[in-house]
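Engineer: Take a look at the following structure, please.
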Amino acid sequence: MKKLTSIIVLSGAFFMLTINVSAQDDGTSNHSLSMGIPEVCLLDTDAGAISLELTTTEAGAQITGGTGTGYAQVSSIVSAAETRTITASITGVPAGTGLVVDTDIPINGNEGGVLGTGTASVALVNGAGAVDLITGIGSCFTGTAASDGYVFSYTWDCAVGSYGSIVATVGSTATVVLTITDTP
């Protein structure tokens with residue numbers, strides 16, 4: 001009986017020893033990380049109003065010269081083979097006048113990625129459909145300061161052949177609506 005008890009105790013001890021050995025750490029382990037980057041499509045403009053005025057100081061000369069600059073900041077992460085486009089539409093341009101915009105990509109040094117391509121001398125017409133201003137935007141950022149971002153240079157002037165329909169306005173507001181859309 002003593003032999004049987006000794007065999008059982010030794011067998012139990014051996015069993016416990018093998019369980020303990022197999023449960024020990026070997027000095028390395030790992031973490032499994034689930035990672036993802038969602039699509040991002042954010043557009044913001046600097047807060048200030050852009051003041052444009054047509055005037056003249058010489059008798060006999062037509063009114064001219066409303067120019068101003070605005071900025072739009074973008075954060076964009078696109079899916080593979082996708083780009084984005086910034087379009088613009090306008091309301092409120094006074095009769096007898098026309099508004100043209102030139103757009104440039106950011107160059108302040110606070111930007112990165114695929115910034116796309118700007119356009120030159122695009123007419124913004126009351127009630128017309130949206131027009132493309134920046135095309136080919138990929139994954140990018142344009143900076144967050146007031147003078148960072150895409151540059152919108154507006155030129156407001158008399159419309160050819162419509163000078164007789166111009167009337168004096170004070171505090172008239174035109175609204176340019178910028179929209180960023182996916183271009184598959």
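Engineer: Could you grab me the full set of residues in region 146-160 that are surrounded by 12 or more Cβ atoms within 10 Å (Cβ to Cβ) and assigned to a loop (DSSP other than H, G, I, E, B)?
Structural biologist: Ala146, Ser147, Asp148, Gly149, Ala159
Engineer: Answer yes or no: is there a residue in region 57-67 that is part of a loop (DSSP other than H, G, I, E, B) and in contact with a helix residue (DSSP H, G or I) (Cβ under 8 Å, 6 or more places away or on another chain).
Structural biologist: The answer is yes; a qualifying residue exists.
Engineer: Working carefully through the options Thr87, Thr103, find the one that is touching a Leu at 6+ places or on another chain (Cβ under 8 Å), buried (at least 17 other Cβ atoms within 10 Å of the Cβ) and at pLDDT 95 or above.
Structural biologist: Result of the check over Thr87, Thr103: Thr103.
Engineer: Another one. Show me the strands (runs of 3 or more DSSP E) found entirely inside region 68-133 where at least 2 residues are within 14 Å of the chain's Cα centre (by Cα).
Structural biologist: Per the criteria, 83-91.
Engineer: Taking Ser139 as meeting all but one of (1) more than 13 Å from Asp104 (Cβ to Cβ); (2) of a type in the set (Ser, Thr, Tyr); (3) surrounded by fewer than 17 Cβ atoms within 10 Å (Cβ to Cβ); (4) modelled with pLDDT of 95 or more, write down the number of the exception.
Structural biologist: The number of the failed condition is (3).
Engineer: I've got another one for you. In region 110-121, how many residues are in contact (Cβ under 8 Å) with a residue 24 or more places away in the chain and surrounded by fewer than 17 Cβ atoms within 10 Å (Cβ to Cβ)?
Structural biologist: 4
Engineer: Sticking with this one: Considering every residue within region 161-169, establish whether at least one is over 18 Å from the mean Cα position of the chain (by Cα), without any contact (Cβ under 8 Å) to a residue 12 or more places away in the chain and not in a strand (DSSP E or B).
Structural biologist: Within region 161-169, one or more residues are over 18 Å from the mean Cα position of the chain (by Cα), without any contact (Cβ under 8 Å) to a residue 12 or more places away in the chain and not in a strand (DSSP E or B).
Engineer: Do you know which residues across region 41-66 are modelled with pLDDT under 95, within 30 Å of Gly112 (Cα to Cα) and surrounded by 11 or more Cβ atoms within 10 Å (Cβ to Cβ)?
Structural biologist: Thr45, Asp46, Ile50
Engineer: Let me ask something else. Which of (1) closer than 30 Å to Val125 by Cβ; (2) without any contact (Cβ under 8 Å) to a residue 60 or more places away in the chain is the odd one out, the single condition Gly27 does not satisfy?
Structural biologist: Exception for Gly27: condition (1).
Engineer: Any idea how many residues of region 134-152 are among the hydrophobic types (A, V, I, L, M, F, W, C), more than 11 Å from the chain's Cα centre (by Cα) and more than 15 Å from Leu178 (Cα to Cα)?
Structural biologist: 2
The values are calculated or read from the model by the stated rules, or taken from the named source; none is laboratory data. On a predicted model such as this, the values are computed, not experimentally measured, just so you know. Cβ sites come from the backbone with ideal geometry, for glycine too, and all protein chains shown count toward neighbours.
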